[in-house]
Amino acid sequence: MTSHTRIVDPAFKSATRIANVGVSKILAIGARAAALKREGRPVIILGAGEPDFDTPDNVKEAAKAAIDRGETKYTALDGSPDLKKAVAEKFQRENGVDYALDEITVSTGAKQILFNAFMATIDPGDEVIIPTPYWTSYSDIVEVCGGVPVLVPCEADAGFRLKAEQLQNAITPKTRWLLLNSPSNPSGAAYSASDYRPLIEILVRHPHVWLMVDDMYEHIVYDDFEFVTPVALEPKLKARTLTINGVSKAYAMTGWRIGYAGGPKALIKAMAVIQSQATSCPSSVSQAASVEALNGPQVFLRERRESFKGRRDLVVSALNEIDGIQCRVPEGAFYTFAGCGGLIGRVTPDGKRIESDTDFTDYLLETADVAVVPGSAFGLSPFFRISYATSEAELREAMRRIAAACANLR
Ligand SMILES: Cc1ncc(COP(=O)(O)O)c(C=O)c1O
């Protein structure tokens with residue numbers, strides 16, 4: 001959908017289902033930044049979508065113990081009973097929502113949860129409403145599954161949040177899903193109970209629209225923001241909502257590849273059909289580790305949140321001091337999504353006009369050795385995303401370089 005690196009080779013014919021889909025722009029920028037680094041350039045990469053912390057020791061130990069116990073075989077198709085129980089308890093304890101074990105599914109990352117859910121429910125031409133800016137994979141997965149992403153722009157002055165009127169206008173008889181993500185990758189914006197309520201009212205009036213919520217960044221929220229998931233606010237929605245979460249971001253476990261979801265039994269069963277023909281089950285060792293992540297001590301979550309908050313504040317205030325850049329204070333996740341509209345039309349020292357956010361982020365990478373991702377990769381321009389999941393020292397240096405590069409524009 002957005003700017004991608006496409007497969008172009010006359011000797012190869014790809015399936016039509018991936019005609020508009022490619023390797024994400026984020027990975028392409030990462031590859032370019034890594035190439036510059038190899039040339040010896042001091043590139044600072046603010047593109048990564050993963051915490052810079054390590055997986056907690058108790059979780060690593062649980063994985064080692066599982067290996068020693070011989071838990072190295074296939075598990076139950078969509079999650080071991082132990083992990084499903086831990087997930088059910090997590091939903092009950094942290095979200096106040098009851099899911100039975102047959103209403104829970106576990107996959108190889110939340111990404112596979114999304115993939116299974118869309119594969120299991122989307123027929124050609126079915127529409128999925130996705131507020132922008134959105135995590136790039138959403139629209140691509142919908143397209144791979146033959147669906148039509150209906151992208152609804154949510155501007156910075158609306159807090160990057162979907163409004164009830166926008167939702168109402170986007171719904172058609174073909175709408176299958178509304179997909180919401182709070183806190184959001186890339187904007188860091190989150191929906192409070194009062195932000196959700198008007199949307200829920202619209203959904204209640206349109207029973208053919210199902211709700212998919214991606215709560216992946218639940219534990220990374222700041223100040224007094226109170227995280228809430230829609231099913232806890234409106235139990236009537238439970239029969240048509242898929243509540244997605246995972247261990248990747250909260251527990252710094254991106255490489256373990258475990259995501260999970262709660263939803264109606266029939267949907268969970270249909271998703272298991274897809275999973276059975278794709279991966280058979282998630283990794284046994286990673287599932288054992290995830291049981292410990294969910295059941296073990298949670299105090300470190302607060303410490304990590306505080307650490308991220310300090311970095312968020314550093315980045316937001318540094319960006320807002322730069323003429324031409326505006327950055328709202330995000331409620332959560334570890335991203336800022338700053339506007340660079342004030343820089344469009346300015347000219348670089350070597351005479352190139354900045355026409356778009358991609359021109360700006362290319363300029364930053366090539367002249368200031370800072371890799372960030374343009375808003376166009378997330379369906380909303382002119383913005384750029386910074387991931388501040390890196391050391392304060394690197395962030396300070398990156399902010400200094402960005403400010404200097406912007407000051408050099410005329
Ligand atoms: C909003 C959002 N949802 C889901 C995922 C995927 O997480 P996982 O590592 O569990 O596949 C990501 C990863 O970047 C994300 O940003």
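Since every read-out is calculated from the coordinates, none of them should be taken as a lab result. All values derive from a computational prediction rather than experimental measurement. Cβ: placed from backbone, ideal geometry, glycine included. Neighbour counts: every protein chain shown.
Cα-based radius of gyration for the chain, normalised by 2.2 N^0.38 Å, reads 0.98.
For Arg38, Arg312, the sequence from fewest to most other C-beta atoms within 10 Å is Arg38, Arg312. Note on Thr254, Thr361: ascending count of other Cβ atoms within 10 Å places them as Thr254, Thr361, the fewest first. Of all aspartates and glutamates in the structure, those lying under 16 Å Cα to Cα from Lys352, and not within fewer than 8 positions of it along the same chain, are Asp362, Glu366. Remark: for residue pairs Lys163/Lys269; Lys13/Lys174; Lys111/Lys249; Lys13/Lys269; Lys84/Lys163; Lys25/Lys163, the C-alpha separation exceeds 23 Å in Lys163/Lys269; Lys13/Lys174; Lys13/Lys269; Lys84/Lys163; Lys25/Lys163.
Our summary gives the stretch 73-295 a relative contact order of 29 percent, counting only alpha carbon pairs under 8 angstrom and 6 or more residues apart. For the listed peptides 192-198, 241-247, 135-141, 226-232, a ranking on the average number of other beta carbons within 10 Å per residue, highest first, reads 241-247, 135-141, 226-232, 192-198.
Annotation: lysines with alpha-carbon distance below 18 angstrom to Lys236 (same-chain offsets under eight excluded): Lys265. The distance separating the Cα centre of the stretch 113-157 from that of the stretch 218-295 comes to 18 Å.
To the nearest 0.05, how large is the calculated FRET efficiency for Val299 and Asn408 if R₀ is 45 Å and r is the Cβ-Cβ distance?
On the way: r = 45 Å, r/R0 = 1.01.
With R0 = 45 Å, the Cβ-Cβ based efficiency is 0.50.
The angle separating the long axis of helix 265-276 from the principal Cα axis of greatest extent in the chain is about 70 degrees.
Give me the net charge of Val204's neighbourhood, meaning all other residues with Cβ under 13 Å from the Cβ of Val204; Lys, Arg count +1, Asp, Glu -1.
Values: positive: Arg197, Arg205, Lys236, Lys238, Arg240; negative: Glu201, Glu234.
My count for the surroundings of Val204 gives +3.
Give the angle, between 0 and 90 degrees and rounded to the nearest 10, that separates the Cα long axis of helix 284-295 from the longest principal axis of the Cα atoms of the chain. Taking Cα atoms only, the helix is inclined about 90 degrees.
Ranked highest first by the average count of other Cβ atoms within 10 Å around their residues, in what order do 97-108, 167-178 fall? Each step should come with its number before you reach the end.
Values: 97-108: 20.7, 167-178: 17.2.
My ranking of the peptides, most packed first, is 97-108, 167-178.
Just to confirm a number: summing +1 for Lys and Arg and -1 for Asp and Glu over residues other than Ser391 whose beta-carbon lies under 13 angstrom from that of Ser391, what do you get?
Values: positive: Arg311, Arg396; negative: Asp52, Glu392, Glu394, Glu397.
Neighbour charge sum, excluding Ser391 itself: -2.
Just to check, using Stokes-Einstein with a Kirkwood Rh over alpha carbon pairs, what's the diffusion coefficient of the stretch 303-410 at 4 °C and 1.567 mPa s in µm²/s?
On the way: Rh = 13.9 Å.
The Stokes-Einstein estimate is 94 µm²/s.
In whole Å, how far is the Cα centre of the stretch 327-373 from that of the stretch 379-398? Cα centroid of the stretch 327-373 versus Cα centroid of the stretch 379-398: 10 Å apart. Seen against the Cα atoms of the chain and their longest principal axis, helix 25-38 is set at about 60 degrees. Per residue, the average separation of C-alpha pairs within less than 8 Å and at least 6 apart gives the chain a relative contact order of 22 percent. A viscosity of 1.306 mPa s and a temperature of 10 °C, combined with the Kirkwood radius over C-alpha pairs in the Stokes-Einstein formula, give the stretch 73-295 a diffusion coefficient of 91 µm²/s.
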